[in-house]
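Report on one structure; see the data block that follows.
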Amino acid sequence: MSLPRTLITAALMGGIALSSLPLTATAQEQNPAVTARQGQFQIMALNIGVLGQMARGNTDYDAETAQAAANNLLTMSQIDQRFHWVPGTDNESIEGTRALPAIWEEGSQVIAIWGRFGEGAAALAEVAGDGLDPMRASLGPVGAACGDCHDDYRAEE
Amino acid sequence: MRRLVRAIILLATIGASAGWVLTRPVHITDDEVAALTGDAAAGEAVFWAGGCASCHAAEDASGEARLILGGGQAFPSDFGTFRAPNISPDPTQGIGDWSLAQFLTAMQNGISPEGQHYYPAFPYTAYRLADRQDLADLFAFMQTLPASDQASLPHDVGFPFSIRRAVGLWNVLYLRDEFVVTSDLTEEEARGRYLSEALAHCGECHTPRGALGAVDRSRWLQGAPALTGRGTIPALTPDELDWSADEIAAYLNDGFTPTFDAAGGHMRSVIANLANLDEADRAAIAAYLGRLPPSDTAP
């Protein structure tokens, strides 16, 4: 290969490499719907954690704190979910999510399960400030709703 | 030439006979179990530790329905799809007419009352390590459960894996009578080892498998591809699982990770079982996991 040709090849390859840089950066950015729903679940986990640590006996039960966490969970359950779950944001279509395509498929139970989370959160908020035992008993159904969804609609890590 | 043919036929006959002998079903006899009396009340803990309901109850069964062991759940694998049979006390469809010796033969040798080899999708490989008294208690407990008259479904396994007798050879290669973790353990850790290795069969999902589908004991509980084909089952070795013993024991009870993510998948069903055990037993499992050899070293 002559020198000019080598130079041209090198220049072209450099150009390709440069032009692909912003593309790569874009591909690594999270889809905003995915970021939003993951943030939502982190807020849920944080508040469940406040109650869960009390239920486990790792922190002392405090009525006001328990009520605040339960209220937050109830509020979370009332957020309209439609913008978090854009079709095409499953783990087969994009990176960075464990959401299975089954969420969007015929017969999906996710809306019913989310409804059970809401019912559980409402029942929890009713009693969370009334004492450790009632709070602990009402935390179970909330956790069960989380698990029901993770069972069939979230991929293993 | 004729001599050579004769020699070959002779060798082939010896080989085939040896194979036939090696793969013959070994039955535990009534005499061997005559001294055992099952205690149904004690058997309940064995039932939950052994995880029977996770496979033999209906999929997604919860509460009392987990005690109806009519079978039917499908388990995909590289060798075909296995279906859990009915092990409820129904005398026709289930195991209601089995003797204790037949039950132990199934649980510890992987052999049906008719002398047929079970596929090791059924973890007799683990239950083999269990105390016979515990299994007698389990058998007594299972007889108190509701009967289901649902017929067991056939497995969907293609040739050559459809030859059940070949499982006998597999057993020669892979059946073991020793625990995997053999280091010096405290009483609590040893209890955890018994629960994890002999009853709960954690290794079936958390340990990678070799070419013939056997759990690779040299990579014990080091994590594995999920049998569903979706993602990975995590490693439980202390270098990989950085939860405290208390966090592990609590997770096995309430299903929340240390960051209060809720367990999903098959582990959820495992937790529904283990939540029925004494707290000390969950702590024992956690203590045992803390003694696992780190990933990338052989036990």
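Worth a mention:
- Across peptide B:251-260, the average count of Cβ atoms from other chains found within 10 Å of a residue's Cβ is 5.
- Multiplying the residue separation of B:Trp20 and B:Leu175 by 0.36 nm and removing their Cα-Cα distance gives an extension gain of 54.1 nm.
- For the stretch B:209-239 versus the stretch A:81-157, the spacing of their alpha-carbon centroids is 28 Å.
- Cα gyration tensor shape of the protein assembly as shown, rounded if a/c is under 1.5, else prolate or oblate by comparing a/b with b/c: oblate
- Solvent-accessible surface of the stretch A:32-153, averaged per residue with a 1.4 angstrom probe and all protein chains in place: 51 square angstrom.
- Panel note: contact residues of the stretch A:115-156 (accessible area lowered by at least 50 Å² against the chain on its own; 1.4 Å probe) correspond to A:Asp151, A:Glu156.
- Per residue of B:263-273, other chain Cβ atoms within 10 Å of the residue Cβ number 4 on average.
- Loss of accessible area when B meets A, both sides summed, Å² nearest 100, probe 1.4 Å: 1600
- Here the 3J(HN,Hα) profile of the stretch B:187-202, calculated from phi with Karplus coefficients 6.51, -1.76 and 1.60 at θ = phi - 60°, is 4, 5, 5, 5, 4, x, 5, 4, 4, 6, 8, 8, 10, 6, 6, 4 Hz, Gly and Pro shown as x.
- Derived scalar couplings ³J(HN,Hα) [the stretch A:89-101; Karplus, 6.51 cos²θ - 1.76 cosθ + 1.60; whole Hz; x for Gly, Pro]: 10, 8, 6, 8, 8, 9, 7, x, 9, 10, 5, 7, x
- Accessible surface for chain B, divided over its residues, is 50 Å² per residue with a 1.4 Å probe.
- The stretch A:62-123: C-alpha pair distances exceeding 19 Å, %: 46
- Pair-distance distribution of chain B: all C-alpha pairs, bin width 10 Å, starting at 0; shares per bin in whole percent are 6, 26, 35, 23, 7, 3, 1, 0.
- Within 10 Å of the Cβ of each residue in B:225-237, the mean number of Cβ atoms contributed by other protein chains is 2.
- Local electrostatic count, B:Pro234, Cβ distance below 9 Å [Lys/Arg +1, Asp/Glu -1]: -3
- For the stretch B:34-112 and the stretch A:33-78, distance of Cα centres in Å: 38
- To the nearest 10, the accessible area of B:Glu247 is 60 Å² with a 1.4 Å probe.
- Computed 3J(HN,Hα) for the stretch B:49-54, one whole-Hz value per residue from the Karplus formula 6.51 cos²θ - 1.76 cosθ + 1.60 where θ = phi - 60°, is 5, x, x, 3, 5, 4, glycine and proline marked x.
- For the stretch B:53-187, the ratio of Cα radius of gyration to the globular rule of thumb 2.2 N^0.38 Å stands at 1.10.
- For the protein assembly as shown, the dipole from Cβ point charges (+1 on Lys and Arg, -1 on Asp and Glu) about the Cα centre works out to 2420 debye, to the nearest 20.
The values are calculated or read from the model by the stated rules, or taken from the named source; none is laboratory data. It should be emphasised that the depicted structure is a prediction, and the values quoted were computed from it without experimental measurement. Note: ideal-geometry Cβ built from the backbone for every residue, glycine included; neighbour counts use all protein chains shown. Calculation scope for accessible area: heavy atoms of the full protein, side chains included, ligands and nucleic acids excluded. Shrake-Rupley method; radii C 1.70, N 1.55, O 1.52, S 1.80 Å.
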